[in-house]
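Undergrad: One structure is given below, represented as structure tokens, and several questions about it will come after.
Nothing in this text is a laboratory measurement; each read-out follows from the coordinates by a stated rule. Here the structure is a predicted model, which is why all the values come from computation and not from measurement. When we count neighbours, we look across all protein chains shown, and the Cβ atoms used for this are built from the backbone with ideal geometry, even at glycine.
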Amino acid sequence: MQKSVFVREMFAEIAPRYDRANRVLTAGVDERWRGRAIRELAAAPGSRILDLCCGTGDLTFGLVRRDPTLQVTGIDFCAPMLDAAHARAKKVASGADLRFVEGDVMALPFEDASFDGAIMGFSMRNVVDIVATLREARRALRPGARLVNLDVTRAPNPLFRRAFELYFYRIVPLVGGIVGGSKSAYRYLPSSLVNFPDADGLSERFGLAGFKDVRYLRMGVGAIAIHVGVA
Ligand SMILES: C[S@@+](CC[C@H](N)C(=O)[O-])C[C@H]1O[C@@H](n2cnc3c(N)ncnc32)[C@H](O)[C@@H]1O
């Protein structure tokens, strides 16, 4: 099966329990990582922000919680994840300027330079072509705008890396299978890290896609990386 079809179907299966599984699997710490990624974006009041692979909208809602003047567009190719985002929008962000679009981040349905900033959370591992995705994000950003990417990475310290691998490859499939409702999905998610570039490798790909001033910071004992690039 094509990777993108597999990924879409897998997220469709876990969509109804995705948020709860995330909170349980990270003991809520992912909120802190997301908050830091949002601060790195440093969006100016009233600016137009794109949340790439928005899923159920965790980063989208985090953005408007921090600054209700932002105009945020979330894009994702999995309709059940977007259904969950729409339901949350009605409950927690009814006055906010939000839009959710169904589409593929490798072929964004937006004009060039439509956004003042973009963010992507825990999704780069799932796309078929990282450089093509980054190029497409850069096209949709106005020159000088930032892209912030938050994702799991390989920790440099061997001890922490081993501990994280135990958690990621053993605990996540077990607990995710129970709380998230799909053993196979939570077996796939850790395996998606195997062929994913390390933090320096991802920086290089930002550069290949034309981003400037690329940097990253680590959190979560080095196993979480936040990359920032300027279009
Ligand atoms: C692990 S979830 C992350 C969701 C959200 N960003 C978060 O931080 O919770 C990955 C999301 O990426 C979406 N996705 C993966 N590849 C995609 C693509 N090529 N285009 C659009 N969405 C994609 C999936 O449908 C899924 O909702």
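Undergrad: With just the Cα atoms of region 110-162, tell me how far they stretch along each of the three principal axes, in Å, largest first.
TA: Extents along the principal axes: 45, 23, 14 Å.
Undergrad: Treating only the Cβ atoms of Lys and Arg (+1) and Asp and Glu (-1) as charged, compute the dipole magnitude of the chain about its Cα centre; round to the nearest 20 debye. Intermediate results must be reported in sequence, preceding the final value.
TA: On the way: 32 positive and 25 negative charges, 130 e Å.
It comes to approximately 620 debye.
Undergrad: Counting just the Cα atoms, what span does region 5-56 cover along each of its three principal axes? Round to the nearest Å and put the largest first.
TA: 36, 28, 14 Å, listed from the longest principal axis down.
Undergrad: When only DSSP loop residues count, what GluC sites (Glu not before Pro) in region 93-142 have their Cβ near at most 14 other Cβ atoms within 10 Å? Mind showing how you got there, number by number?
TA: Values: sites: Glu102, Glu111, Glu136; in loops: Glu111.
In loop regions of region 93-142 (DSSP not H, G, I, E or B), the sparsely surrounded GluC sites (Glu not before Pro) are Glu111.
Undergrad: If the viscosity is 0.890 mPa s and the temperature 25 °C, what translational diffusion coefficient in µm²/s does Stokes-Einstein give for the chain when Rh comes from Kirkwood over Cα pairs? It would help to have the intermediate numbers written out before the result.
TA: Working: Rh = 17.7 Å.
D = 139 µm²/s.
Undergrad: Using Stokes-Einstein with the Kirkwood hydrodynamic radius over Cα pairs, what translational diffusion coefficient do you get for region 39-141 at 20 °C and a viscosity of 1.002 mPa s, in µm²/s rounded to a whole number? Let's see the in-between values first.
TA: Numbers: Rh = 13.5 Å.
Reported coefficient: 158 µm²/s.
Undergrad: Continuing with this model, one more query. Under 10 Å, Cα contacts only: if you run a Gaussian network model on the chain, which one of Asn22, Asn195, Asn149 comes out with the highest mean-square fluctuation?
TA: Asn195
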